[in-house]
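Accompanying notes for the structure given below.
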Amino acid sequence: MVKFASAAVVLLAVVAANGQVLSPRKTTSITIDGKKITVGYGAPSMRGRKIMGRLVPYGEVWCAGANDATSLDTEADLDIGGLKVAKGSYTLWALPNANEWRFILNKETGQWHTEYRADQDLGRVKMSVRTIAESVEVFRIELSSAGGNKGRLALVWENTEASVPITVLR
């Protein structure tokens, strides 16, 4: 009975009063050097809230999305900002601060966004952070090509973009 009640509370928290999902699941993918990289995440909206430093607190690990932890699946070995990553499945987390962010890749998969375990980290790398002029209402993760075997992963929300370079290892 307790499991059912907990599931009902979670379902109510995820669905708005008008029946719409508050943080719909999104997927983005890119093929770089013939290998597919896919990220799956919950996409929350600002809905009038202050995001950076408040809803997404500085100095605390964030799941880079909402609901289920953000997933990263790669068909190739990667270098993500200097972190060597074997092909496979991971969860993606971030450690935001006002002027510096860390990208965190975790070996555990399938967990809820509040179930982060640092002892499962594959590693952490510094992200480039910049302020963007146009406010972004719905959180998004962007994967883009930089030519050849290179790409970029960016977390974009409110007036902030944090990114890290990706290289498909040959």
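The values are calculated or read from the model by the stated rules, or taken from the named source; none is laboratory data. This structure is a prediction, so every number in the text was calculated from the model and none was measured. Note that each Cβ is placed from the backbone with ideal geometry, even for glycine, and that neighbours are counted across all protein chains shown.
Listing for the model above:
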quantity	calculated
The listed residue being touching a residue at least 40 places away in the same chain (Cβ under 8 Å), of a type in the set (A, V, I, L, M) and over 25 Å from MET46 (Cβ atoms), out of ILE166, ILE104, ILE141	ILE166
Whichever residue in the stretch 130-167 is more than 17 Å from LEU95 (Cβ to Cβ) and of a type in the set (Gly, Ala, Ser) and, among such residues, is surrounded by the fewest Cβ atoms within 10 Å (Cβ to Cβ)	ALA133
Residue match in the stretch 36-49 (condition: among the polar types (S, T, N, Q), under 17 Å from LEU155 (Cβ atoms), within 15 Å of the chain's Cα centre (by Cα) and surrounded by 15 or more Cβ atoms within 10 Å (Cβ to Cβ))	yes
Answer from ALA118, ALA154 - the residue that is aliphatic (A, V, I, L, M), under 23 Å from SER23 (Cα atoms) and free of Cβ contacts under 8 Å to residues at least 60 places away in the same chain	ALA154
Failed condition for ASP119, given (1) in contact with a strand residue (DSSP E or B) (Cβ under 9 Å, 6 or more places away or on another chain); (2) more than 16 Å from VAL164 (Cα to Cα); (3) at pLDDT 95 or above	(1)
Top-ranked residue in the stretch 26-35 [being among the charged types (D, E, K, R) and surrounded by 15 or more Cβ atoms within 10 Å (Cβ to Cβ); ranked as nearest to VAL136 (Cα to Cα)]	LYS26
Odd one out for GLU108, checked against (1) in contact with a helix residue (DSSP H, G or I) (Cβ under 6 Å, 6 or more places away or on another chain); (2) of a type in the set (D, E, K, R); (3) within 20 Å of ILE30 (Cα to Cα)	(3)
Subset of the stretch 101-115 (residues that are closer than 20 Å to LEU55 by Cα and at pLDDT 95 or above)	TRP101, ARG102, PHE103, ILE104
Tally, over the stretch 26-76, of residues that are in contact with a Phe, Trp or Tyr (Cβ under 9 Å, 6 or more places away or on another chain) and free of Cβ contacts under 8 Å to residues at least 60 places away in the same chain	11
In the stretch 66-96, residue nearest to the chain's Cα centre (by Cα) [restricted to those that are small (Gly, Ala, Ser) and under 16 Å from SER29 (Cα atoms)]	SER71
Test result for GLY110, at positive phi and free of Cβ contacts under 8 Å to residues at least 24 places away in the same chain	no
